[in-house]
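All remarks here apply to the structure that follows.
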Amino acid sequence: MAFLRPADAVRVKQRFDEELVGDVRLLTFIQPTTGLFVPGRAETDSGRQTEALLREVAELSDRLHVEVVNPREDPARAALHGVERFPAIVVQSGQVEGETGSQETEKRGRVRFFGLPSGYEFMTLLDTVVNASRQETRLTPASVGLLDAIVEPVHLQVFVTPT
């Protein structure tokens, strides 16, 4: 099942062709379903849907790379990226030379999406991919100065309710 209509796929590909400068890796943490019913724990198919959507989007540009990680098999890598809920997408910029998986060579991702990025979140994901590819900000110098003045870690979360 395709997520993108053909006309939308053409627009996304065109945007990527025009705006992507460098490679971007979509490090995707998906906890596979077990097939077991555990009272009090609901298993959803959103992980499989998230992977399918990201692979479909990545087919639109040679600069996009999807890497799927099972957090049950690699909990240290999930912890490195601050991933505790699944599915999760960590957007990383820079050259992608295949799987790293090493905490010595892999830096913690700074932008994370939790859940299936559909609806309005899909456009946010596309914007994030483009920004990560450029490795620069579109913030004004005044905004950058204010952010540089922050000396303690800040944990920012944006919650979205599906419509």
Item to check | Longest DSSP-loop-exposure-free segment, chymotrypsin sites (Phe, Trp or Tyr not before Pro), the chain, at most 15 other Cβ within 10 Å | outcome: 38-158
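Helix check for the chain. Which DSSP H runs span at least 15 Å along their own axis by Cα, with a mean Kyte-Doolittle hydropathy no less than -1.0?
46-58, 120-134
When only Cα pairs under 8 Å and 6 or more residues apart are kept, what is the percent relative contact order across region 6-148?
About 32 percent, as a whole number.
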Checklist entry - Of (1) 25, 22, 17; (2) 24, 16, 15; (3) 31, 20, 13, which is the value of semi-axes √(5λ) of the Cα gyration tensor in Å derived from the coordinates here? => result (1)
Checklist entry - Calculated FRET efficiency, Leu147 and Arg85, Cβ-Cβ r, R0 35 Å, to nearest 0.05? => result 0.85
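A short reminder: the numbers here are calculations on the coordinates, not readings from a lab. All values reported here derive from a predicted model rather than from experimental measurement. We place every Cβ from the backbone using ideal geometry, glycine too, and count neighbours over all the protein chains shown.
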